[in-house]
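The values are calculated or read from the model by the stated rules, or taken from the named source; none is laboratory data. Note that this is a predicted model, so its numbers are computed, not measured. Note that we place each Cβ from the backbone using ideal geometry, even for glycine, and neighbour counts take in every protein chain shown.
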Amino acid sequence: NETTLLLKDFIVEKVLNNNSNRKTVCIQGKFKDKSDLGLIILEKNAFKENDLNSEGYFCQDTKLRTFFQNDIYGNYECYPRSQINGVKTTIIYPATEKHISKYNQQEVHIVLETPELYEKLTLPHLAKEQFNLQWVYNILEGKSEQDRIIHNNTSETEGFVLLPDLKWDGITKETLYLLAIVRQRGIKSLRDLDEGHLPLLKRVRDEGKKKILEKYKVPGSQLRIYFHYQPSFYHLHIHFTYLRHEAPGIYVEKSHLLDTVIDNIEMMGNYYKMATLPFTVREMDNIFNVYETNGHIKRIETNVENIELIDK
Ligand code: M7G
């Protein structure tokens, strides 16, 4: 499936999400002569401090278009040379319905998942429907992204791979984002963790911090190290982001700091088997239907008359 996809062959069908704050846009479309749907995610890059000099923005090739000049105030659009003006681009092809739903802007709700609801509703749903983990296995088995790996612990029980996340270019320190993927298979998420996993979790934390300090000169005290619940991919992995960077998905309703997780398990070995874990669901997700059918959540009525009634 390693065919080359060209942007010039992309036929836009729908803009799923256009976030002016994050300067990202997600577009659904088709590639010429291909029948499957594709997704393209474009993101304007953060400024690199290395580019703020006479070889970067302030070089001869930079063009300025003047909007206006008024007294001491000048307003322009700047066109730097193309190498520093790149747009981070992610292509997902072929994209499934689940990918499209993931990137669609839509109503979100919080569900309180008790251990009983996890067993009864979430788990059977996961067994039926989840994202394919092939990309994870490709990394662990040495088939993809091998040149990006920055640390590889090959122990069967405590081993993991540390590498730049898909969302990071691997260079710009300002937006540092790495992922630790554990080697052990079958640990689906935070929910599965217990005292048996403490050595693994501590190893990921300590070795991860050490490698990131060595390679990127970011100390452990400036790293946000966390799990997502629910994750998109049910093979245990841990996110490492730069504290200064407001990375996507660091919201309280989705993130659990690794240090807190370790501490909770140390106090109570089966903490995550007993805890009620909140998580967010979007109305387009199939799991929303599962929780809705069982009476745990209600869809927002978009009908204007209904909204007026609720307000009164
Ligand atoms: P998650 O918490 O399961 O889901 O994290 P999220 O996407 O809702 O955060 C999975 C993480 O893996 C995300 O941060 C993704 O950006 C990252 N990721 C996903 N894929 C398909 C890849 C990939 O192919 N390579 C790498 N390096 N990272 C990926």
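Annotation: L64 fulfils all but one of (1) within 24 Å of N45 (Cβ to Cβ); (2) surrounded by 14 or more Cβ atoms within 10 Å (Cβ to Cβ); (3) of a type outside the set (S, T, Y); the unmet one is (2). With respect to being closer than 27 Å to F279 by Cα, assigned to a loop (DSSP other than H, G, I, E, B) and modelled with pLDDT of 95 or more, Y234 fits the description.
Candidates are the residues of the range 101-137 that are away from the ligand (no atom under 16 Å from the Cβ) and modelled with pLDDT under 95; the one that is nearest to T24 (Cα to Cα) is E107. Restricting the range 231-254 to residues that are within 12 Å of the chain's Cα centre (by Cα) and crowded, with 19+ Cβ neighbours inside 10 Å leaves a set whose member that is nearest to the ligand (Cβ to nearest atom) is P231.
Those residues that are more than 10 Å from the ligand (Cβ to nearest atom) and either within 15 Å of Y177 (Cβ to Cβ) or β-branched (V, I, T) (or both), I need them from the range 220-230; list them, please.
Correct list: Q222, L223, R224, I225.
Just one of the listed residues (I187, I171) is within 15 Å of the ligand (Cβ to nearest atom), surrounded by fewer than 16 Cβ atoms within 10 Å (Cβ to Cβ) and more than 15 Å from the chain's Cα centre (by Cα), namely I171. Checked across the range 246-253, the condition of being farther than 22 Å from T157 by Cβ, of a type in the set (D, E, K, R) and modelled with pLDDT under 95 holds for at least one residue. Among the residues of the range 113-134, just one is touching a strand residue (DSSP E or B) at 6+ places or on another chain (Cβ under 7 Å) and in a helix (DSSP H, G or I), namely T122. Residues that are without any contact (Cβ under 8 Å) to a residue 12 or more places away in the chain and either assigned to a loop (DSSP other than H, G, I, E, B) or away from the ligand (no atom under 16 Å from the Cβ) (or both) are absent from the range 149-167. Elements of the type strands (runs of 3 or more DSSP E) sitting completely within the range 35-98 and holding at least 3 residues that are modelled with pLDDT under 95 and more than 23 Å from the chain's Cα centre (by Cα): these cover 63-70, 73-79.
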